[in-house]
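The values are calculated or read from the model by the stated rules, or taken from the named source; none is laboratory data. Note that the coordinates shown come from a computational prediction; the quantities given were computed from them, not determined experimentally. When we count neighbours, we look across all protein chains shown, and the Cβ atoms used for this are built from the backbone with ideal geometry, even at glycine. Accessible surface areas use protein heavy atoms only, side chains included; no ligands, DNA or RNA. Shrake-Rupley method; radii C 1.70, N 1.55, O 1.52, S 1.80 Å.
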Amino acid sequence: MASAMTDLSTVNNGKGRMLRLSLRRREALTALLFVSPITIGFLVFFFGPLIAVIGYSMLQWNLLTGEATFVGYANYADALRHNPDFWRVLRNSLVFAAGLVPLNMGLALLLALALHRPFRGVVFFRVIFFAPVVTSAVAWAIVWKFLLQGEAGALNEMLALMGIDGPNWLREPNWAMAAVIVTRVIKMVGLNMILYIAALQSIPRDYDSAARLEGASGWQIFRMITWPLLAPATLIISIVTVVGSLKVFDHIYLMTEGGPENGTLVLAFYIYQQAFEFFAIGYASALAVIMFVIAMALTLLQVYFRRKDRA
Amino acid sequence: MRPTMDTQQATTSDPRLPALEFQNVAKSFGAVNVIRGVDLQVREGEFVVFVGPSGCGKSTLLRMISGLEDVTSGTVSIGERVVNDVPPARRGVAMVFQSYALYPHLTVAQNMGFGLKVRKMPAREIESRVADASATLKLDALLDRFPRELSGGQRQRVAIGRAIVGNPRIFLFDEPLSNLDAELRVHMRAEIAQLHERLGNTMIYVTHDQIEAMTLADRIVVLRDGQIEQVGSPQELYLRPDNLFVAQFIGSPRMNVFDIDKLPPGVAAQLGVPEGAVKVGMRPEDLSIDPGGRGMPAVLRMSEYTGGNSLIHLELDGGAPCLIVHHGQTSPPEGTAVHLTLDKGAVHFFDANDTSIRKG
Ligand SMILES: Nc1ncnc2c1ncn2[C@@H]1O[C@H](COP(=O)(O)OP(=O)(O)O)[C@@H](O)[C@H]1O
Ligand SMILES: [Mg+2]
């Protein structure tokens, strides 16, 4: 009797395991099928071009004659060692990022702190600051080029009222860089503001109540509670903003076309010039790969610092 | 006398003075009146429980004591001082939140010491105070853990510990046990009672659970719609409720209430209904089935066995539903005609305004 029961349970167990395995396999298959469209899309439209660009970057390719010769690392050597333009452009890109990222994130955080709690008219203010994000880059550039004109520009006329003689913003290299940074920040700050608002709203209000009851000032609450709890959001926002600032193209193209005196010639715009104005496809591809590596390195660096912070 | 004596007298709290006083306190959010004229005195060292249905304004009252919410009109006093305009941190109160509100990125020790740190207390004193509080609450072994690494009961203790280290005059608890499972709730209830005994501070405790209120309170304040319905000891509220609401809110299972004119014939005369009474209330635990066939006739509809006793649902002649607590292991089958008598406890009469009528 007892042995019969043992046998029965063994058989049962065996069957059960077989059934479970095949079920698991079936589930895995279903899951694969479900993710396959996006996976295939990713491989074709992201990974494909990346590989292609790496391939092109090792060619000397004349787009007009169609002749392509393998040159190995020559294009990279060209950029990194022989061509002084590259370092100038890279410096411009870093200046642009160094100006834009802190300004954008700081302003976004301030706006979010002011606008994350409901009050009468809060939606109006959120819309005002978010609207430029969804405004066409072309319209934005036209308006700002107009406002920043040297002689009759609205900004300089306002400055004149205060007795200040404004520069010709987009015609002097340093001012032009400042102008493209600031106008870009005004356009894009709404996006980071919304992200920070969402993050702030996910912090329970009881934290604030408890801290206030314990005597913490507004600044102490921000520094000791709110800011640390925003860290995950800050990481995402900073990655997106840093990478976005390295890739900035349309804004530069429309505002300054890289001028004056190449003062706003940033990496993405330089790549565009090399590829589609000078048809140096191989060289442009090498630059694109370098940009990809820089963006990747900066991203990993930020993740690393966040990890170290938490440990 | 020397002037120093005077100052000394002013600072030592006189046990006859109220630790906390509400005078005609009202609160509105926009056009909505959430608290409508509350008067209350709490003695030093008293354990007072605010109880009432969800949304009646318990949390709002507590937040007005703490200063997290300002009062629309009236005055709140702590000690002899009107605190309407005193910032929260200067009121000498500490609060335990239902959500615990433990900062997730700080350890247990850092959570408990947070308030002392922002007040710039020397690190060594913070450490010793946290050590004291954690010894009291058996948290010593957990000081370096993060809130996410604690069980619900442990988080609750840390929240209480954080309140203790500030050495407040008044403790405020806002439904502190409602996130715990039933067993832990009973356990923590006892711990809070012991804590009160040990510390002797004034405690104001909010709950919607009348059992918690009954077991913990020196005095219970029953609230409804932003107004006080009755204030009294648990026994007073149970034995002599002022009105129908309190009668039905306090006590479990809740009191049976019948319209007097729908009672079975002859019962009203037997009860000796006073003038003006339109409703009569009898507690389920006071009613029993009379084997001698005297009392109110009723039919048994359903019985629920709970172990030590059964809850029996009946229907009086005339159709009114009635619940009794029946002691013993067996109860009559469904459909049995029985008679109910009230052999102990009181009959409660209510007038047309639901106010209690006291006989004699
Ligand atoms: N900040 C607020 N703004 C508007 N209404 C509120 C606010 N806080 C509470 N209320 C309202 O006040 C009433 C009482 O709330 P509360 O004191 O939290 O009740 P309880 O704690 O007894 O459940 C509820 O109707 C609630 O919706
Ligand atoms: Mg509440």
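Please indicate, with yes or no, whether at least one residue in region A:114-134 is closer than 23 Å to A:Ala295 by Cα and surrounded by 14 or more Cβ atoms within 10 Å (Cβ to Cβ).
Yes, some residue in region A:114-134 is closer than 23 Å to A:Ala295 by Cα and surrounded by 14 or more Cβ atoms within 10 Å (Cβ to Cβ).
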Can you name the condition, by its number, that B:Val257 falls short on among (1) crowded, with 19+ Cβ neighbours inside 10 Å; (2) in contact (Cβ under 8 Å) with a residue 24 or more places away in the chain? (1)
How many residues are of a type outside the set (Asp, Glu), within 16 Å of ligand 2 (Cβ to nearest atom) and not in a loop (DSSP other than H, G, I, E, B) if we restrict to region B:157-186? 3
If you scan region A:167-191, which residues turn out to be over 12 Å from A:Gly99 (Cβ atoms) and open to solvent by 20 Å² or more (accessible area, probe 1.4 Å)? A:Pro167, A:Asn168, A:Trp169, A:Arg171, A:Glu172, A:Pro173, A:Trp175, A:Ile186, A:Met188, A:Leu191
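Just checking, how many residues over region B:22-61 are under 22 Å from B:Thr215 (Cα atoms) and within 14 Å of ligand 2 (Cβ to nearest atom)? Write out each step before concluding.
Taking region B:22-61 first, the residues under 22 Å from B:Thr215 (Cα atoms) are B:40-54, B:56-59, B:61.
Restricting the remaining residues to those that are within 14 Å of ligand 2 (Cβ to nearest atom) gives B:49-54, B:56-59, B:61.
Adding up the residues that qualify gives 11.
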Considering (1) open to solvent by 30 Å² or more (accessible area, probe 1.4 Å); (2) free of Cβ contacts under 8 Å to residues at least 60 places away in the same chain; (3) among the charged types (D, E, K, R), say which one A:Asp250 fails and leave the rest. (2)
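Each row is one residue, and each column tells you yes or no for (1) farther than 26 Å from B:Glu212 by Cβ; (2) of a type in the set (A, V, I, L, M); (3) modelled with pLDDT under 95.
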residue: B:Glu285; (1), (2), (3): no, no, yes
residue: B:Gly295; (1), (2), (3): yes, no, yes
residue: B:Glu304; (1), (2), (3): no, no, yes
residue: B:Leu314; (1), (2), (3): yes, yes, no
residue: B:Gly319; (1), (2), (3): yes, no, yes
residue: B:Ser331; (1), (2), (3): yes, no, yes
residue: B:Thr336; (1), (2), (3): yes, no, yes
residue: B:Lys344; (1), (2), (3): no, no, yes
For B:Arg162, are the conditions met, namely being within 14 Å of another protein chain (Cβ to nearest Cβ), away from ligand 1 (no atom under 16 Å from the Cβ), within 22 Å of B:Arg90 (Cβ to Cβ) and surrounded by fewer than 23 Cβ atoms within 10 Å (Cβ to Cβ)? no
Here are some conditions: (1) within 16 Å of ligand 2 (Cβ to nearest atom); (2) open to solvent by less than 40 Å² (accessible area, probe 1.4 Å); (3) more than 11 Å from B:Val49 (Cβ to Cβ); (4) of a type in the set (Asp, Glu). B:Asp225 meets all but one. Which one does it not meet? (2)
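Taking the conditions exactly as written (under 25 Å from B:Val278 (Cβ atoms) and acidic (Asp, Glu)), does B:Asp218 satisfy them or not?
Numbers: under 25 Å from B:Val278 (Cβ atoms): no; acidic (Asp, Glu): yes.
So B:Asp218 does not fit the description; no.
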Within region B:168-176, does at least one residue satisfy the condition of being surrounded by fewer than 16 Cβ atoms within 10 Å (Cβ to Cβ) and either of a type in the set (A, V, I, L, M, F, W, C) or modelled with pLDDT of 95 or more (or both)? no
Would you point out which residue out of A:Leu213, A:Leu229, A:Leu300 is surrounded by fewer than 17 Cβ atoms within 10 Å (Cβ to Cβ) and either small (Gly, Ala, Ser) or without any contact (Cβ under 8 Å) to a residue 60 or more places away in the chain (or both)? A:Leu300
Residue list for region A:260-285, restricted to those being of a type in the set (S, T, N, Q) and free of Cβ contacts under 8 Å to residues at least 40 places away in the same chain: A:Gln273, A:Gln274
From (1) open to solvent by 10 Å² or more (accessible area, probe 1.4 Å); (2) within 16 Å of ligand 2 (Cβ to nearest atom); (3) in contact with a Leu (Cβ under 7 Å, 6 or more places away or on another chain), pick out the condition that doesn't hold for B:His208. (3)
Scanning region B:239-253 for residues that are open to solvent by 40 Å² or more (accessible area, probe 1.4 Å) and part of a loop (DSSP other than H, G, I, E, B) gives B:Arg240, B:Asp242, B:Ser252
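Every residue, every condition in (1) more than 16 Å from ligand 1 (Cβ to nearest atom); (2) touching a strand residue (DSSP E or B) at 6+ places or on another chain (Cβ under 9 Å), yes or no:
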residue: B:Val206; (1), (2): no, yes
residue: B:Thr215; (1), (2): yes, no
residue: B:Gln227; (1), (2): no, yes
residue: B:Leu239; (1), (2): yes, no
residue: B:Lys262; (1), (2): yes, yes
residue: B:Val267; (1), (2): yes, yes
residue: B:Gly272; (1), (2): yes, no
residue: B:Arg283; (1), (2): yes, yes
Tell me yes or no: at least one residue of region B:288-300 is out of contact with any Asp or Glu (no Cβ under 9 Å at 6 or more places or on another chain), within 16 Å of ligand 1 (Cβ to nearest atom) and not in a loop (DSSP other than H, G, I, E, B). no
Which residue, of B:Val186, B:Val257, is more than 16 Å from ligand 1 (Cβ to nearest atom) and over 26 Å from B:Gly45 (Cα atoms)? B:Val257
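Every residue, every condition in (1) within 9 Å of another protein chain (Cβ to nearest Cβ); (2) farther than 30 Å from A:Pro260 by Cα, yes or no:
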site	(1), (2)
A:Met188	no, no
A:Pro204	yes, yes
A:Leu213	yes, yes
A:Ala233	no, yes
A:Ile237	no, yes
A:Val242	no, no
